[in-house]
Amino acid sequence: MTSRIAIGSDHAGFTLKGLIKGRLLALGHSVQDLGTHSSDSIDYPVPAHAVAGMVERGEAECGILICGSGNGVSIAANKHVGIRSALAWNPEIAALGKQHNNANVLAIPARFVSVEEAFAIVDAYLGARFEGGRHQIRVDKIEGA
């Protein structure tokens with residue numbers, strides 16, 4: 001199943017973002033690259049807000065964000081209404097983010113994972129499905145419902 005995916009990174013995640021984007025395109029996904037487009041220093045909230053905004057508006061089914069630790073982009077993305085960004089450093093955490101938390105944004109720590117690990121993280125996230133049930137009740141509480 002292919003998806004419309006928004007992707008973004010800061011300078012620390014620039015190289016990994018390009019590799020992930022290329023792989024997603026090769027797999028047939030539609031990918032909107034919201035920057036950064038060089039390794040020049042950039043403030044991580046800029047791409048995080050751009051990606052989260054696309055997901056929030058329904059212009060992308062999900063987002064992938066990459067920065068050095070993954071924390072900054074995840075925190076910034078989670079400021080958007082309806083965004084549930086999950087920071088994942090291994091495939092199991094990525095899958096659980098979708099299965100239990102219905103994460104619609106995946107944050108990856110570029111400085112702490114290899115390219116192969118990042119690919120496995122993305123695959124696990126995209127391959128997982130939200131389980132609903134008791135998890136929906138919990139997700140509703142995140143939103144204040």
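Does Gly53 meet the test of being closer than 17 Å to Phe119 by Cβ, surrounded by fewer than 19 Cβ atoms within 10 Å (Cβ to Cβ) and modelled with pLDDT of 95 or more? I'd like the intermediate steps shown before the answer.
Values: closer than 17 Å to Phe119 by Cβ: no; surrounded by fewer than 19 Cβ atoms within 10 Å (Cβ to Cβ): yes; modelled with pLDDT of 95 or more: yes.
Judged against the criteria, Gly53 is not a match.
State whether the residues of the range 87-102 include one that is in a loop (DSSP other than H, G, I, E, B), among the β-branched types (Val, Ile, Thr) and surrounded by fewer than 19 Cβ atoms within 10 Å (Cβ to Cβ).
So the first thing to find is which residues in the range 87-102 are in a loop (DSSP other than H, G, I, E, B), and the list is 88-90, 102.
If we keep only those that are among the β-branched types (Val, Ile, Thr) as well, we get none.
No, because not a single residue in the range 87-102 is in a loop (DSSP other than H, G, I, E, B), among the β-branched types (Val, Ile, Thr) and surrounded by fewer than 19 Cβ atoms within 10 Å (Cβ to Cβ).
Please identify the pairs in which a residue from the range 117-128 that is under 9 Å from Leu106 (Cβ atoms) has its Cβ atom under 7 Å from the Cβ atom of a residue that is part of a loop (DSSP other than H, G, I, E, B) and modelled with pLDDT of 95 or more, counting only partners at least 6 apart or on another chain.
Ile121/Ala88; Ile121/Asn90; Ile121/Val113; Tyr125/Ala88
Suppose we keep only residues that are modelled with pLDDT of 95 or more and not basic (Lys, Arg) within the range 123-138. Which one would you say is surrounded by the most Cβ atoms within 10 Å (Cβ to Cβ)?
So in the range 123-138, the residues modelled with pLDDT of 95 or more come out as 123-130.
After this cut, where a residue has to be not basic (Lys, Arg) as well, the list is 123-128, 130.
Details: Asp123: 15, Ala124: 21, Tyr125: 24, Leu126: 21, Gly127: 12, Ala128: 18, Phe130: 16.
Here the answer is Tyr125.
Given (1) touching a helix residue (DSSP H, G or I) at 6+ places or on another chain (Cβ under 8 Å); (2) more than 22 Å from Ile137 (Cα to Cα); (3) modelled with pLDDT of 95 or more, where does Asp43 come up short, assuming only one miss?
Asp43 satisfies every listed condition except (1).
Test of understanding: among Ser85, Ser38, which residue is without any contact (Cβ under 8 Å) to a residue 40 or more places away in the chain and in contact with a Ser or Thr (Cβ under 7 Å, 6 or more places away or on another chain)?
Values: Ser38 fails: in contact with a Ser or Thr (Cβ under 7 Å, 6 or more places away or on another chain).
The match here is Ser85.
With respect to Ala120, is the statement that it is of a type in the set (A, V, I, L, M, F, W, C) and within 12 Å of the chain's Cα centre (by Cα) true? Don't jump to the end; show me each part of the working.
Numbers: of a type in the set (A, V, I, L, M, F, W, C): yes; within 12 Å of the chain's Cα centre (by Cα): no.
No: the conditions fail for Ala120.
Within the range 57-96, which residues are among the acidic types (Asp, Glu) and under 12 Å from the mean Cα position of the chain (by Cα)?
First pass over the range 57-96, keeping only residues among the acidic types (Asp, Glu): 59, 61, 92.
Glu61, the sole residue that qualifies.
Tell me, yes or no, whether the range 105-121 has at least one residue that is more than 18 Å from Thr2 (Cβ to Cβ) and touching a Pro at 6+ places or on another chain (Cβ under 7 Å).
Yes, the conditions are met somewhere in the range 105-121.
For the condition in contact with a Phe, Trp or Tyr (Cβ under 8 Å, 6 or more places away or on another chain) and either under 16 Å from Arg4 (Cα atoms) or surrounded by fewer than 15 Cβ atoms within 10 Å (Cβ to Cβ) (or both), what is the one hit in Ser39, Ser69? Working first, answer last.
Numbers: Ser69 fails: either under 16 Å from Arg4 (Cα atoms) or surrounded by fewer than 15 Cβ atoms within 10 Å (Cβ to Cβ) (or both).
From the options Ser39, Ser69, the qualifying one is Ser39.
If you go through the range 31-52 one residue at a time, do you hit one that is under 14 Å from Val122 (Cα atoms) and not basic (Lys, Arg)? Steps first, answer last, please.
Pass one, the range 31-52, residues under 14 Å from Val122 (Cα atoms): 31.
Subset that is not basic (Lys, Arg): 31.
Yes.
The values are calculated or read from the model by the stated rules, or taken from the named source; none is laboratory data. Bear in mind that the values here come from a model prediction, so they are computed numbers and not experimental data. Neighbour counts are summed over all protein chains in view; Cβ atoms, including those assigned to glycine, are modelled from backbone coordinates with ideal geometry.
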